[in-house]
Amino acid sequence: MNTRTAIATAIAALALIATYGCAVTRGQETVGAYVDDTAITTAIKGRYVDNKDVDATSIRVETLNGTVMLSGFAKNATERSTAESIAWKVNGVKAVKNEIAVRP
């Protein structure tokens with residue numbers, strides 16, 4: 001019975017280690033960085049939904065180590081700049097790369 005317990009414990013430990021590694025994706029160094037990036041992305045998207053000048057469904061937000069990448073389409077230059085401005089105002093944002101295209 002002790003051998004079974006030891007084997008089950010070892011398998012559980014390996015599963016936990018493997019799961020921990022899966023949580024860190026896209027080049028983040030820690031799980032904490034991943035959680036922070038997710039919180040930043042969620043906050044920006046929420047502010048887009050609350051803002052009537054930005055079409056939240058047309059703009060994609062991705063965050064990696066505090067750097068926010070905006071992509072998608074805007075109706076005009078004002079919408080594009082408003083989206084960037086909103087992103088900069090979220091806590092934890094270190095940089096914003098605005099790749100939003102303005103539709104003619």
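The values are calculated or read from the model by the stated rules, or taken from the named source; none is laboratory data. Quantities reported herein were computed from a predicted structural model and do not represent experimental measurements. Quick reminder, even Gly has a Cβ in these numbers, built from the backbone with ideal geometry, and neighbours come from all protein chains shown.
Looking at region 75-88 only, could you name the residues that are within 19 Å of the chain's Cα centre (by Cα) and among the aliphatic types (A, V, I, L, M)?
Scanning region 75-88 gives 83, 86, 87.
Please specify each residue of region 58-77 satisfying the condition of being of a type in the set (Ser, Thr, Tyr) and closer than 12 Å to residue 96 by Cβ. Before you say what the answer is, go through the steps one by one.
Filtering region 58-77 for residues of a type in the set (Ser, Thr, Tyr) gives 58, 63, 67, 71.
Answer for region 58-77, where residues must be of a type in the set (Ser, Thr, Tyr) and closer than 12 Å to residue 96 by Cβ: 63, 67, 71.
Just one of 32, 46 is modelled with pLDDT under 85, out of contact with any helix residue (DSSP H, G or I) (no Cβ under 6 Å at 6 or more places or on another chain) and not basic (Lys, Arg); which is it?
None of the other options fit; the residue is 32.
Run down 46, 66, 72 and say which single residue is free of Cβ contacts under 8 Å to residues at least 40 places away in the same chain, under 19 Å from the mean Cα position of the chain (by Cα) and over 23 Å from residue 31 (Cα atoms).
Going through 46, 66, 72 in turn, just one is free of Cβ contacts under 8 Å to residues at least 40 places away in the same chain, under 19 Å from the mean Cα position of the chain (by Cα) and over 23 Å from residue 31 (Cα atoms): 72.
Tell me which residues, restricted to region 59-80, are out of contact with any Asp or Glu (no Cβ under 8 Å at 6 or more places or on another chain) and surrounded by fewer than 16 Cβ atoms within 10 Å (Cβ to Cβ).
From region 59-80, those out of contact with any Asp or Glu (no Cβ under 8 Å at 6 or more places or on another chain) are 59-62, 67, 72-73, 76-77, 80; that's our starting set.
60, 62, 67, 73, 76, 77 - these are the residues of region 59-80 that are out of contact with any Asp or Glu (no Cβ under 8 Å at 6 or more places or on another chain) and surrounded by fewer than 16 Cβ atoms within 10 Å (Cβ to Cβ).
Can you tell me which residue is farthest from residue 33 (Cα to Cα) among those in region 58-104 that are modelled with pLDDT of 95 or more, aliphatic (A, V, I, L, M) and out of contact with any strand residue (DSSP E or B) (no Cβ under 7 Å at 6 or more places or on another chain)?
86
Among 37, 55, which is the only one that is acidic (Asp, Glu), surrounded by fewer than 17 Cβ atoms within 10 Å (Cβ to Cβ) and either closer than 28 Å to residue 102 by Cβ or modelled with pLDDT of 95 or more (or both)?
Just a single option satisfies the conditions, and that option is 55.
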